[in-house]
1. Grab the chain and count how many Lys pairs have their alpha-carbon atoms under 27 Å apart, sequence gap of 8 or more, or different chains.
2. Could you state the angle between the C-alpha long axis of helix 117-135 and the longest principal axis of the C-alpha atoms of the chain, as a value from 0 to 90 degrees rounded to the nearest 10?
3. With labels modelled as points extended 7 Å from the Cα through the Cβ direction, what inter-label distance (nm, one decimal) is found for Ala111 paired with Gln59?
4. Round to the nearest 10 and give me the degree value, 0 to 90, for the angle of helix 3-17's Cα axis relative to the longest principal axis of the chain.
5. Pick out, in residue order, every one of the GluC sites (Glu not before Pro) in the stretch 1-102 that is DSSP loop and has at most 14 other C-beta atoms within 10 Å; say none if there are none.
6. At 0.36 nm per residue, minus the direct Cα-Cα distance, what do Leu122 and Ile82 gain on full extension? Give it in nm, one decimal, please.
7. Highest first, please rank the peptides 16-28, 100-112 by the mean number of other Cβ atoms sitting within 10 Å of their residues.
8. Taking springs between alpha-carbon atoms closer than 10 angstrom, which of Gly73, Gly43, Gly131 fluctuates most in the Gaussian network model of the chain?
Amino acid sequence: MTGSVHAAIGAAIGRFVRNKPLAFLAGVASHFVGDIVPHHDVGPIEAPIVFGTMVRIGQQHGWDSPQFWGALGAICPDFEHIPYELRKDPRRHGPMKEKFFPTHNTRVQHAGWPLAEHWGVLMQIALYLGGLYLAGTLSNAERGSRNAEKNA
């Protein structure tokens, strides 16, 4: 999955788990599941989308909310890609034995997308919007109730 999809799914998990440390751990576990599901990655354009998604989740639910912690846990495994990306390591797009997370090295197969690329992108968009919807991020209702609590 792309980082933004991992974040959206992690936020949805956080909404239902409600315990921040458990939401973080469940987010990390969801990253593993997301990586073994066949999918199509979109490349470098993903970084600003992940950043924007995390900002939206933090603004909507609070920076110390279970949704934010679930989303953070879900994207944390991808942080290990950053040094290889910065060094432009030619192996960076495939599994590397130097990486820790099982789907990022050779211990567990990182699934590829078997269909045409556009179907993979459409699936990612559907999972992204579905995750944000389940997290309550696409609604202003939760933000309004949070603001009302602050003003009370």
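1. Lysine pair count for the chain: 4.
2. The helix 117-135 is inclined about 30 degrees to the chain.
3. 3.3
4. 40
5. Sparse-neighbourhood loop GluC sites (Glu not before Pro): Glu98.
6. Value of the extension gain: 11.8 nm.
7. 16-28, 100-112
8. Of the options given, Gly43 has the highest mean-square fluctuation.
Each reported figure results from applying straightforward, stated rules to the coordinates on display, with no laboratory input. Computed from a predicted model, the values in this text were never measured in an experiment. Positions of Cβ are generated from backbone atoms using ideal geometry, with glycine treated the same way; all protein chains shown enter the neighbour counts.
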